[in-house]
């Protein structure tokens, strides 16, 4: 299973003078047949200039080695350096290929932000089911059954006493479910939480959650307690995806406002590159498929300085100052190395409306 440690390894790898091939391929059997994704693979490989050993390694993996139940696969190959990493995923991804000195990591960042560390709790008055998913893979599914909430038909003077007992029993069951939720959230490092059940049960359960867990709740959904794991996963991922879309659009809107007020935020390529170079960025935002004009961003081969000038020599050390073939990937990687966050925005977002496809919140 792909973890943040794997991402960190990819962020840190540098092929230097040896090209690194990054391949993302949609192999979802619900969307493509084997022949269709193999054709898509050939088209991707033909569209890029790829060293023969890397192409052969990728083709061998796709043909003979990968888990054919996966929905997506990602390969990173630099055979000259003996570097090969391949991962399969149970979440949707789009085809992409890039050849550069470093792996293409920004798509993995987006995938983790959307589908990573997702908890689902389905509750009723008597019990609960708990699910932990990471990138579409089930980490744990468990349940609990509390004291039975009996239904009494008696009327008269005893009705209110019976009702109080039923409510107290249901409340005790929900509190037990909260304790189990806290344990699983710590164990699996949940970043998002989806609650399932009737409106009344979910509302009461959410009230009982500690503030730290209430902040993780990204949405709710109706769900029968006997729903299949695939149904739970698919519906919870849809809720998480919708919630993330809304939250990142609000984040982009907040960035535009903060930059306008001069509150530790910048918009535009030049100011953003300068902030990354100086280590001041704590959250980078850029628009999906934003392509920087070739040669607009340069990197010094000697000291690693990043800038948007058109000088032939590095302004800091005088070293060779080369244009970056994929500037956005380099900016995202540099941001991650600095311990900051990266968020990819959809094409229609507040940054684009403000005339800037990229921007960042700053540390200072």
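The values are calculated or read from the model by the stated rules, or taken from the named source; none is laboratory data. On a predicted model such as this, the values are computed, not experimentally measured, just so you know. Cβ placement follows ideal geometry from the backbone for every residue including glycine, while neighbour counts extend to all protein chains displayed.
If I filter region 36-51 for residues that are farther than 24 Å from residue 92 by Cβ, surrounded by 13 or more Cβ atoms within 10 Å (Cβ to Cβ) and over 26 Å from the mean Cα position of the chain (by Cα), do I get at least one hit? Within region 36-51, one or more residues are farther than 24 Å from residue 92 by Cβ, surrounded by 13 or more Cβ atoms within 10 Å (Cβ to Cβ) and over 26 Å from the mean Cα position of the chain (by Cα). The sole residue among 351, 331, 316, 336 that is farther than 16 Å from residue 271 by Cβ and under 24 Å from the mean Cα position of the chain (by Cα) is 336. The set of residues in region 53-74 being part of a helix (DSSP H, G or I) and touching a helix residue (DSSP H, G or I) at 6+ places or on another chain (Cβ under 9 Å) consists of 53, 54, 55, 56, 57, 58, 59, 62, 63. Residues in region 322-352 that are assigned to a helix (DSSP H, G or I) and exposed (fewer than 14 other Cβ atoms within 10 Å of the Cβ): 337 only. Do we find a residue being touching a residue at least 24 places away in the same chain (Cβ under 8 Å), out of contact with any helix residue (DSSP H, G or I) (no Cβ under 8 Å at 6 or more places or on another chain), loosely packed, with under 15 Cβ neighbours inside 10 Å and over 18 Å from residue 103 (Cα atoms) anywhere in region 7-24? No. Residue 222 fulfils the conditions (1) closer than 11 Å to residue 123 by Cα; (2) touching a residue at least 24 places away in the same chain (Cβ under 8 Å); (3) crowded, with 17+ Cβ neighbours inside 10 Å except for a single criterion, (3).
Across region 68-85, the number of residues qualifying as closer than 14 Å to residue 37 by Cα and surrounded by fewer than 16 Cβ atoms within 10 Å (Cβ to Cβ) comes to 2.
Within region 252-269, identify whether any single residue is in contact with a strand residue (DSSP E or B) (Cβ under 9 Å, 6 or more places away or on another chain), crowded, with 18+ Cβ neighbours inside 10 Å, modelled with pLDDT of 95 or more and within 30 Å of residue 18 (Cβ to Cβ), and answer yes or no. There is at least one residue in region 252-269 that is in contact with a strand residue (DSSP E or B) (Cβ under 9 Å, 6 or more places away or on another chain), crowded, with 18+ Cβ neighbours inside 10 Å, modelled with pLDDT of 95 or more and within 30 Å of residue 18 (Cβ to Cβ). Of the candidates 232, 281, 257, the single residue that is out of contact with any helix residue (DSSP H, G or I) (no Cβ under 7 Å at 6 or more places or on another chain) and not assigned by TED's automatic domain parsing to the domain that holds residue 119 is 257. For region 299-330, the set of residues classified as over 19 Å from residue 19 (Cβ atoms) and touching a residue at least 24 places away in the same chain (Cβ under 8 Å) consists of 305, 306, 307, 308, listed by residue number.
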